[in-house]
1. Only one of (1) surrounded by fewer than 18 Cβ atoms within 10 Å (Cβ to Cβ); (2) closer than 30 Å to residue 210 by Cα is not met by residue 163, so which one is it?
2. Check segment 94-107 and report whether any residue there is out of contact with any strand residue (DSSP E or B) (no Cβ under 9 Å at 6 or more places or on another chain) and small (Gly, Ala, Ser).
3. If residue 68 meets every condition in (1) among the small types (Gly, Ala, Ser); (2) open to solvent by less than 20 Å² (accessible area, probe 1.4 Å); (3) without any contact (Cβ under 8 Å) to a residue 12 or more places away in the chain apart from one, which number is that one?
4. Could you grab me the full set of residues in segment 147-170 that are touching a helix residue (DSSP H, G or I) at 6+ places or on another chain (Cβ under 7 Å) and of a type outside the set (D, E, K, R)?
5. Any idea how many residues of segment 109-126 are acidic (Asp, Glu) and either part of a helix (DSSP H, G or I) or modelled with pLDDT under 95 (or both)?
6. Among the residues of segment 187-196, which ones are closer than 25 Å to residue 228 by Cβ, surrounded by 18 or more Cβ atoms within 10 Å (Cβ to Cβ) and touching a helix residue (DSSP H, G or I) at 6+ places or on another chain (Cβ under 8 Å)?
7. Give the residues of segment 122-145 that are open to solvent by less than 10 Å² (accessible area, probe 1.4 Å), among the hydrophobic types (A, V, I, L, M, F, W, C) and either in contact with a Cys (Cβ under 6 Å, 6 or more places away or on another chain) or farther than 13 Å from residue 251 by Cα (or both), sorted by residue number.
8. On the basis of being surrounded by 16 or more Cβ atoms within 10 Å (Cβ to Cβ), farther than 22 Å from residue 10 by Cα, of a type in the set (Val, Ile, Thr) and at pLDDT below 90, does residue 100 make the cut?
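The values are calculated or read from the model by the stated rules, or taken from the named source; none is laboratory data. All values reported here derive from a predicted model rather than from experimental measurement. Backbone-built Cβ (ideal geometry, glycine too); neighbour counts: all protein chains shown. Accessible surface is based on the protein model in full, side chains and every heavy atom, while ligands, DNA and RNA are left aside. Shrake-Rupley method; radii C 1.70, N 1.55, O 1.52, S 1.80 Å.
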Amino acid sequence: MDARQQELHSRMEEQHWWFLGKRHIIKTLLASLPALGKPKLVVDVGCGPGGNVGALADTYDVVGIDTSPDAIALARQRYPGVRFWQGELGEAPPEIDDGTSFYLMTDVLEHVPDDFLLLSTLLARCRQGAHILLTVPANDALWSSHDEVLGHFRRYDRSQLELVWQGLPVTPLLLSYYNTRLYPVIRLVRALNRYGGKSFGHRGTDLYLPPDPVNRLLASLFAGESRVLKDCLQGRRPEGYRYGASLIAILRVDGPGIVPRHRPNHLDFDHAPLGVATE
């Protein structure tokens, strides 16, 4: 995302129902892993303007990593007491991983051409027993100018996301769609956007802050999905949600020696973001 989109996200992270609901779900799941205990360090890979680490900093030691200088500058301004590192994941100092038992990579994989390489690079840094929480946008039927403006290469379905870690020594403790309760509304909005040829939110996105009572209601509805996801993670439900606007997964790293790998050429479920050349 460019500097203007980073600034928009920085403003929206404070109040918008989607960010509020997602952070509640992340905090609930992080605290609900029975074998994890309290992580010594939580690293947010692709932290953007820092909303996740800012929300976790009162409970955990946190570090944010992002390739964008604009995002890291905003994050440091907003959360001066939190550590941030700007650069590629593979170049991050090894000491960042010392003691790390939990990584976040939320709504990041869709932004890179080679999602296999990014996730396997992270897994190669993880110690055995570490956990990674992933989220990605789901359902290609929701593809719209919102995705294009934000630089998305793809939206995933469940099987497509599973492919990214398939064959590696990891165990998915949770894999579910989410943002399910509001999915019908989101799908209608995206259909109207495609029909009208533009998004209704700010700067070509769907990010728009509704009136406060509506925003609080939407945040509560979205955050309430944490109960089903927690039950699924702890084995009290056989599966999570079967559809939704996003996907969420928690992976446990079961073995060392993971080697970064590239995305197979035969996978063709990508879109090209605006401004990215294709052959």
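1. Evaluating residue 163 over (1) surrounded by fewer than 18 Cβ atoms within 10 Å (Cβ to Cβ); (2) closer than 30 Å to residue 210 by Cα leaves (2) as the failure.
2. Within segment 94-107, not a single residue is out of contact with any strand residue (DSSP E or B) (no Cβ under 9 Å at 6 or more places or on another chain) and small (Gly, Ala, Ser).
3. (3)
4. Those that are touching a helix residue (DSSP H, G or I) at 6+ places or on another chain (Cβ under 7 Å) and of a type outside the set (D, E, K, R): 149, 150, 151, 152, 153, 164, 165, 168, 170.
5. Matching residues across segment 109-126 total 2.
6. The answer is 190, and nothing else.
7. Listed by number, the residues that qualify are 136, 138, 142.
8. yes
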